[in-house]
1. If Ile100 satisfies every condition in (1) without any contact (Cβ under 8 Å) to a residue 60 or more places away in the chain; (2) more than 13 Å from the ligand (Cβ to nearest atom) but one, which is the exception?
2. How many residues are in a helix (DSSP H, G or I) and under 19 Å from the mean Cα position of the chain (by Cα) when one looks only at region 1-36?
3. Considering region 67-97 alone, what residues qualify as being part of a loop (DSSP other than H, G, I, E, B), in contact with a strand residue (DSSP E or B) (Cβ under 9 Å, 6 or more places away or on another chain) and surrounded by fewer than 17 Cβ atoms within 10 Å (Cβ to Cβ)?
4. Step by step: first the residues of region 45-66, then only those that are of a type in the set (A, V, I, L, M, F, W, C) and in a strand (DSSP E or B), then the one that is nearest to the ligand (Cβ to nearest atom). Which residue is that?
5. Do we find a residue being within 14 Å of the ligand (Cβ to nearest atom), over 18 Å from Lys3 (Cα atoms) and among the polar types (S, T, N, Q) anywhere in region 137-149?
6. Quickly run through region 141-157 and pick out the residues that are under 23 Å from Gly183 (Cα atoms), surrounded by 17 or more Cβ atoms within 10 Å (Cβ to Cβ) and not polar (S, T, N, Q).
7. On the basis of being more than 10 Å from the ligand (Cβ to nearest atom) and surrounded by fewer than 21 Cβ atoms within 10 Å (Cβ to Cβ), does Arg42 make the cut?
8. Determine which single condition Lys69 fails, assuming it passes every other condition in (1) within 8 Å of the ligand (Cβ to nearest atom); (2) on the phi > 0 side of the Ramachandran plot.
Amino acid sequence: MKKRIGILGSGMVGKALALGFAKHGYAVQVGTDSEEKQTHLRQELPPSVQVSTFSEAASFGEIVVLAVKGVAAESLIGRLYREGHLHHKTILDATNPIAIDQPIEEGVLPYFTRCNESLMERLQKTAPEANFVKCFSCVGAHLMVNPQFETKPTMFICGNHDQAKNDAIHILEEFGWDYEDCGSAIAARAIEPLAMLWCIPGFRKNQWMHAFKWLKEK
Ligand SMILES: NC(=O)c1ccc[n+]([C@@H]2O[C@H](COP(=O)([O-])OP(=O)(O)OC[C@H]3O[C@@H](n4cnc5c(N)ncnc54)[C@H](OP(=O)(O)O)[C@@H]3O)[C@@H](O)[C@H]2O)c1
């Protein structure tokens, strides 16, 4: 199993996954281009987690985690791909296409994508020789690593590359998740909106401690 993880993003997801990967014995480098955030990250994260720029983290990772604001994802991926840091790598894509210039109405997040497209498909087109897998997008950062529910919750994944999905599945199993492989990248059209649904009880009732479970008849 690939053991070097580069995390793009200094927010809640980047930090939660950095701690999770470190706990599970991976070598982790978290990237942000903000020097101020690098300083904060070095204070907040254990010394075993390295902190660097986006380019350095992408270059370091055998597997790369994308955890930046959805509106910033395409331009960042385009740049890192042109720099040659992403070719043939598994990219675990936790992003959601949340619009930042529209209000949240009755707990429903506004998206900048339409129903018949997804952010991950755009990213896959931007970086055709990187292997995107939608993963970790439909649950809060605080529940991504070994969440404590009565049963294992389900993470919905999709992507065009089978080995990349196997990488994601291996990590999900270590992190205490069941998974449902929804097929190729086009299925991100269905998976990304799950984050809208997941957030509704949060915004309406301040309830954030839930996850999806895919029930199957025996
Ligand atoms: N929060 C959650 O619980 C959660 C759960 C599931 C999925 N997600 C998704 O995961 C992603 C990360 O979420 P988050 O809450 O951890 O953090 P966030 O606040 O959505 O994003 C923070 C990161 O985005 C980067 N960023 C913002 N604008 C940028 C730009 N113009 N160019 C490059 N980078 C930019 C920031 O870079 P700097 O470090 O340079 O400031 C920072 O690293 C989002 O797409 C979100 O929808 C979030």
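1. If we test Ile100 against (1) without any contact (Cβ under 8 Å) to a residue 60 or more places away in the chain; (2) more than 13 Å from the ligand (Cβ to nearest atom), just (2) comes out false.
2. 12
3. Lys69, His88
4. Leu66
5. Yes, region 137-149 contains a residue that is within 14 Å of the ligand (Cβ to nearest atom), over 18 Å from Lys3 (Cα atoms) and among the polar types (S, T, N, Q).
6. Met144, Pro153, Met155, Phe156, Ile157
7. Yes: the conditions hold for Arg42.
8. (2)
Values in this text are rule-based calculations from the coordinates and carry no lab data. Because the structure is a prediction, the values reported are computed rather than measured. A quick note on method: Cβ atoms are made from the backbone with ideal geometry, for glycine too, and the neighbour counts reach across all protein chains shown.
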